[in-house]
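Reviewing the structure listed below.
Only the coordinates and a few stated rules stand behind these numbers; no lab work does. This structure is a prediction, so every number in the text was calculated from the model and none was measured. Reconstructed Cβ throughout: ideal geometry from the backbone, glycine too, with neighbour counts over all protein chains shown.
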Amino acid sequence: MSTSASDLPRLAARWRADLESWAIPEEILAQAPANPWGHMVSRFAARTDRLLDRPGGPTHEAVCQALPEGGTLLDVGAGTGAASVPAARARQARLVAVDESSAMLEELRRITPEAEIIEGRWPDVADRTPVADVVVCAHVVFNVPDLPDFLTALTEHARRRVVIELPEQHPTSWQSPLWKHFHGLTRPTRPTAHDAVEIARALGYDVTVVTHDLPDAPYDSVEQLAETACRRLCLDPARRDEVAQAAIDLGVWPMSPRHLFTLSWDGRHD
């Protein structure tokens with residue numbers, strides 16, 4: 001079934017409501033020993049280092065195909081630059097990186113001192129962000145409640161191409177069996193990457209979709225997975241061994257390949 005502009009209000013409202021359904025119940029959140037939504041900079045940096053050693057994949061290829069030699073690449077929600085630094089180096093491009101985490105940007109600056117850094121939340125900082133030949137945005141969309149405004153601002157900043165990478169399912173979906181086991185909580189199953197594609201098409205974008213699997217595992221060991229799961233599930237880190245065993249028993253470990261979507265469409269800036 002085709003998607004039109006008249007579908008946009010319904011699709012946008014559904015996306016927002018589906019994202020809100022992932023909120024952690026207050027009674028569980030109140031017991032959290034650490035911020036369950038925090039990210040470890042070291043894990044992001046390790047992935048950037050791996051991709052610098054072995055660049056490639058559909059997202060990297062889509063960026064490099066559209067990015068002219070010596071052009072400008074804008075990375076929104078850059079983290080430590082995994083989606084942009086290898087492409088910027090391959091095309092000898094100027095890199096502009098936007099992220100709301102000062103810690104992530106500090107690490108990105110260490111990796112690529114020449115990058116232009118803009119700290120803040122997109123699209124709040126769009127007005128002070130330059131237009132680029134290509135805009136890339138990887139593993140951010142599931143943090144965005146107002147997706148149409150977010151995508152529109154990306155497109156308005158791209159002369160040639162917008163490239164987005166996201167997992168097919170919510171990035172914390174792998175934890176759902178653990179939530180059921182430890183808290184008796186059934187986690188949602190939406191939104192998905194398919195919903196994001198529908199919204200982009202309702203905005204009028206001619207979206208190209210490439211599906212692929214992430215080649216590298218997100219965790220090197222079940223202990224590393226359990227450390228993250230303790231934080232995400234608001235559990236005491238002292239329960240790491242218990243969580244690790246539950247992950248094995250419930251089939252969470254070893255992890256299945258993560259299915260990713262690379263979306264791309266033409267920019268709208270002259």
> Under a Cβ-Cβ cut-off of 10 Å, what is the net charge of the residues other than V135 that fall near it, where Lys and Arg count +1 and Asp and Glu count -1?
Replying inline: 0
> Give me the Kirkwood hydrodynamic radius of the range 31-141 in Å, from all C-alpha pairs, to one decimal place?
Replying inline: 14.1
> Considering only DSSP states other than H, G, I, E and B, which chymotrypsin sites (Phe, Trp or Tyr not before Pro) in the range 1-71 qualify as loop sites with at most 12 other Cβ atoms within 10 Å?
Replying inline: W37
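Which of the GluC sites (Glu not before Pro) found in the range 81-149 are in a DSSP loop and have at most 11 neighbouring Cβ atoms, other than their own, within 10 Å? Present the calculation step by step, with values, prior to reporting the outcome.
Values: sites: E100, E106, E107, E114, E116, E119; in loops: E100, E114.
In loop regions of the range 81-149 (DSSP not H, G, I, E or B), the sparsely surrounded GluC sites (Glu not before Pro) are E114.
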>> I need the peptides 75-82, 133-140 ranked by packing, meaning the mean over residues of other C-beta atoms within 10 angstrom, with the highest value on top.
In response: 75-82, 133-140
> Cα centroids of the range 178-201 and the range 1-28: how far apart, whole angstrom?
Replying inline: 10
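Work through the residues other than F261 whose Cβ is under 10 Å from its Cβ and net out their charges, Lys, Arg +1 and Asp, Glu -1.
Working: positive: none; negative: E165, E168.
Once all neighbours under 10 Å are counted, the net charge is -2.
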> Can you work out the base-10 log of I(q)/I(0) for the range 174-269 at q = 0.19, 0.20 1/Å, using the Debye formula on its C-alpha atoms alone?
Replying inline: -0.92, -0.97
> Dividing the Cα convex hull volume of the range 126-201 by residue count, how many Å³ per residue is that?
Replying inline: 97
